[in-house]
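The structure under discussion appears below in the form of structure tokens.
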Amino acid sequence: MNRYNQGDWAGAMADYTRAIELHPGYAFAYYLRGLARAGHRDLAGAVADYDRAIALFPDGPNRAAAYDNRGAARYRQGDLAGAVADYNRAIKLDPQDLSVYCGRGLARADQGDPAGAIADYNRAIELDPDYAYAYYNRGLAHKALGRKQQAIADFQKYLALITDPKRRRKAQRYLRELKRRR
């Protein structure tokens, strides 16, 4: 994990490949190599590794995490239907993982389903009322639906929770736009 944590994707992939050579049934090595491949932007390779990890992991949180990360890779590949299907499987296995709801919400929004996205962000917020990104993304979905007041409230909540100036600027810009509209 050290090379992975340092962002040395090639080194991490080599380490996990060696672990797989030594123990071909070691699901976690496939999962970790999938994470490294995704970090290296080898999304097809990441999906293949998550496929293998999913096949090897028993039902439970590790398999749910593999579905979640495969869903994220598929989302980045533009396979929105595949991403939603993976997020659905992850939620079935671990319905308390708020990040999966946010991932599915992003995919649903990009599929043109802002109402479905809002339902996912609502669930994420139920699980953690201080999860800033759920408010931000829900604000975008409300904005897409023309729900000005709800969008404003969500962007304000996001700004109350987040301190990174770079991340705050975009939400502040959306707020200014929404407040100018009549």
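Along its three principal directions, the equivalent ellipsoid of segment 1-86 from the Cα gyration tensor extends over semi-axes of 20, 16, 10 Å, largest first. As a rough footprinting exposure proxy, the listed residues 169, 89, 33 were ranked by other beta carbons within 10 Å of their own, and the order from fewest upward is 169, 89, 33.
Compared with the dominant Cα axis of the chain, that is its longest principal axis, helix 43-56 is turned about 70°. Only DSSP H runs of four or more residues enter the estimate; each adds -39500 (n - 2.57), and after division by the residues of the chain the mean residue ellipticity at 222 nm equals -25500 deg cm²/dmol. Annotation for residue 14 and residue 177: the two label points, set 7 Å from Cα along the Cα-Cβ direction, are 4.5 nm apart. Non-local lysine pairs in the chain, meaning eight or more places apart or on different chains, with alpha-carbon distances under 20 Å, amount to 10. Applying the Karplus relation 6.51 cos²θ - 1.76 cosθ + 1.60 with θ = phi - 60° to segment 24-29 yields 3J(HN,Hα) values of x, x, 7, 4, 5, 5 Hz, where x marks Gly and Pro. Using Cβ point charges alone (K and R +1, D and E -1), the dipole size of segment 1-123 about the Cα centre works out to roughly 40 debye. Along its principal axes, the chain has C-alpha extents of 64, 32, 27 angstrom, given from the largest down.
Computed from the coordinates by the stated procedures, all read-outs in this text should not be read as laboratory data. Computed from a prediction, not measured in an experiment: that's the story for all the values here. With ideal geometry, Cβ positions are generated from the backbone for all residues, glycine too; neighbour counts draw on all protein chains shown.
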